[in-house]
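The values are calculated or read from the model by the stated rules, or taken from the named source; none is laboratory data. A quick note: this is a predicted structure, and the numbers were derived from the prediction, not measured. Positions of Cβ are backbone-derived with ideal geometry, glycine not excepted, and every protein chain shown enters the neighbour counts.
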Protein chains: 4
Amino acid sequence: MEFRIDRTSGLPAYLQLVRQVREALRMGWLSPGDRLPPVREVVTTSGVNANTVLKAYRELEMSGLVEARQGSGTYVKAALGSADPEVMGPLRTRLAEWVHDARAAGLDTEDVEALVRSVLVDEGGIG
Amino acid sequence: MEFRIDRTSGLPAYLQLVRQVREALRMGWLSPGDRLPPVREVVTTSGVNANTVLKAYRELEMSGLVEARQGSGTYVKAALGSADPEVMGPLRTRLAEWVHDARAAGLDTEDVEALVRSVLVDEGGIG
Amino acid sequence: MEFRIDRTSGLPAYLQLVRQVREALRMGWLSPGDRLPPVREVVTTSGVNANTVLKAYRELEMSGLVEARQGSGTYVKAALGSADPEVMGPLRTRLAEWVHDARAAGLDTEDVEALVRSVLVDEGGIG
Amino acid sequence: MEFRIDRTSGLPAYLQLVRQVREALRMGWLSPGDRLPPVREVVTTSGVNANTVLKAYRELEMSGLVEARQGSGTYVKAALGSADPEVMGPLRTRLAEWVHDARAAGLDTEDVEALVRSVLVDEGGIG
DNA sequence: GTGGTCTAGACCACC
DNA sequence: GTGGTCTAGACCACG
């Protein structure tokens, strides 16, 4: 997996790394037993400082999602995500269609994000 | 309008305020000429410090969205959002249905957010 | 560069800092790539509060003149000033002579400033 | 005399009024016995609040420059300026020429102001 | 050690 | 009562 850091978002870099690992777990892109990219590689590909990567990996380890094995790397320990992967596919397709239609109607990315947030807030899912 | 601060999100409080104003503009809940809630009111309703609110309002002012009038308040100056409000309604309805189905399929809020992000990234809308 | 704050001028300290950086850019005393003095140094040399310096640096950053690099410092990003440095020298010399003569004629600093302002206003340069 | 308020300068409005009266005194545009414009007139011509004008006039009165006569208006009481008016003329002419040449050399108003400030600071006239 | 965030509280400028 | 300025000091993110 490859990390992307958005330095304009205001969210600390190490939390962006943590979130991206968690999302990869939810999406099924990472599974128990998989190895996270070595710190040095993340440093070169994403431009953050090694301590920042270490902090993210430590945070993931403390939450029980990954496990550091001395001299070998950091490995995924637990799965994440409450969804049945078979049902995820159709949902993703429908969502992609919706996004496509929203774009066609003139909405930009920030519009889409605002709409999603507003629906989730209304629904009570976001506090 | 009323602000909600999520102290667990990692995003600085003043940026949460900025984002909520921007989203209100995009959703059409705020329009040019409207007055933002006074700093002291935000302090009491959302629990943040006055300087934090001032920082958010100042940031909005510098981006040209609002205008502070001495002794009178802070007013919306510019609109935001590329969307036609008439087309926004149906899109919102469809999205709410999708979220409902996702919930029914066992997805929690974080799953939904991860899915949305992944679709937007795939599509190129998020860097 | 070293900052000087005049607490009697009525101009907020952070705006005095901003102006002095802008003037240093115009005079060629600062150029793209140069590092501004660290916040903590400005605090000790000029006696203002750290937040005041941060506010000034942030304002400069938002106007695109400087760039803060986490853990490294604040760096000049853009040049400022429409003047050819070679033509600036002679102009400065002539102005210094004029000021000297004005002093000799009995004008104090406020007289000089008033005269400059009145000429610029007459000329339409100041609104 | 007519006042001009620059709301972008950061200098409080009442101090701009005070400074403009002081500069008019230095330039000889106002002399002892002259009447300052009535508060209501300043309100309409410069757009500031009446209290702001009153505060400026009170400040001038406390510094001994003007005197309020009940029901009649506010009058200049003392002169200001260390300069011989006969020597002021030639100095003003030379300065206007210098400004003209500076413009011709490509300097804008902010460049001119920066240069003046830097000469005065060098000379020790500004702290 | 760098910049950045937040708090608490005093005081100011303006309407 | 409105926004704005400044201080003092704690704590965080990053290199």
Q) Is there any pair with a first residue in the stretch B:65-87 that is within 13 Å of chain A (Cβ to nearest Cβ) and under 20 Å from residue B:27 (Cα atoms) and a second that is acidic (Asp, Glu) and surrounded by 10 or more Cβ atoms within 10 Å (Cβ to Cβ) whose Cβ atoms are under 8 Å apart and which are 6 or more apart or on different chains, and what are they? A) B:81/A:111; B:82/A:108; B:82/A:111; B:83/A:111
Q. If you go through the stretch A:5-15 one residue at a time, do you hit one that is buried (at least 20 other Cβ atoms within 10 Å of the Cβ) and away from chain B (no Cβ under 12 Å)?
A. no
**Q.** Number of the exception - residue C:20 against (1) within 11 Å of another protein chain (Cβ to nearest Cβ); (2) away from DNA strand F (no atom under 15 Å from the Cβ)
**A.** (2)
Q: Residue by residue through the stretch B:102-120, note down the ones that are exposed (fewer than 14 other Cβ atoms within 10 Å of the Cβ) and either within 7 Å of chain A (Cβ to nearest Cβ) or closer than 20 Å to residue A:18 by Cβ (or both).
A: B:106
Q. With respect to the numbered conditions (1) closer than 22 Å to residue D:2 by Cβ; (2) outside the structural domain of residue D:22 (by TED's automatic domain parsing), which one is the sole condition not fulfilled by residue D:89?
A. (1)
Q) Just to be sure, is residue C:110 modelled with pLDDT of 95 or more, acidic (Asp, Glu) and not assigned by TED's automatic domain parsing to the domain that holds residue C:17? A) no
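Listed here are the residues, each with its yes/no results for (1) β-branched (Val, Ile, Thr); (2) touching a Lys or Arg at 6+ places or on another chain (Cβ under 7 Å).
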{"site": "A:40", "(1), (2)": "no, no"}
{"site": "A:73", "(1), (2)": "no, yes"}
{"site": "A:76", "(1), (2)": "yes, no"}
{"site": "A:80", "(1), (2)": "no, yes"}
{"site": "A:89", "(1), (2)": "no, no"}
Q) If you go through the stretch B:82-117 one residue at a time, how many are under 21 Å from residue A:86 (Cβ atoms) and among the small types (Gly, Ala, Ser)? A) 5
Q | Cβ-Cβ under 9 Å pairs, at least 6 apart or on other chains, the stretch C:21-38 side within 16 Å of DNA strand E (Cβ to nearest atom), far side among the aromatic types (Phe, Trp, Tyr) and part of a helix (DSSP H, G or I) | A | C:21/C:57; C:36/C:57
Q. Does residue B:86 satisfy being of a type in the set (D, E, K, R), within 16 Å of DNA strand E (Cβ to nearest atom) and surrounded by fewer than 20 Cβ atoms within 10 Å (Cβ to Cβ)?
A. no
Q) How many residues are assigned to a loop (DSSP other than H, G, I, E, B) and either among the aliphatic types (A, V, I, L, M) or in contact with an Asp or Glu (Cβ under 9 Å, 6 or more places away or on another chain) (or both) when one looks only at the stretch B:106-127? A) 5
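Name every residue in the stretch B:74-85 that is more than 16 Å from DNA strand F (Cβ to nearest atom), more than 16 Å from the chain's Cα centre (by Cα) and either of a type in the set (D, E, K, R) or modelled with pLDDT of 85 or more (or both), in order of residue number.
Selection gives B:84 alone.
Can you tell me which residue within the stretch B:41-73, out of those that are within 14 Å of DNA strand F (Cβ to nearest atom) and either at positive phi or not assigned by TED's automatic domain parsing to the domain that holds residue B:28 (or both), is surrounded by the fewest Cβ atoms within 10 Å (Cβ to Cβ)? It would help to see each step written out before you state the result.
Step one: filter the stretch B:41-73 for residues within 14 Å of DNA strand F (Cβ to nearest atom), giving B:41-46, B:48-73.
Now narrow it down to the ones that are either at positive phi or not assigned by TED's automatic domain parsing to the domain that holds residue B:28 (or both): B:64, B:71, B:73.
Details: B:64: 10, B:71: 7, B:73: 14.
Filtering the stretch B:41-73 for residues that are within 14 Å of DNA strand F (Cβ to nearest atom) and either at positive phi or not assigned by TED's automatic domain parsing to the domain that holds residue B:28 (or both), the one surrounded by the fewest Cβ atoms within 10 Å (Cβ to Cβ) comes out as B:71.
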Q.
I need the full set of residues from the stretch C:39-64 which are within 14 Å of chain D (Cβ to nearest Cβ) and away from DNA strand E (no atom under 13 Å from the Cβ), in order please.
A. C:46, C:47, C:63
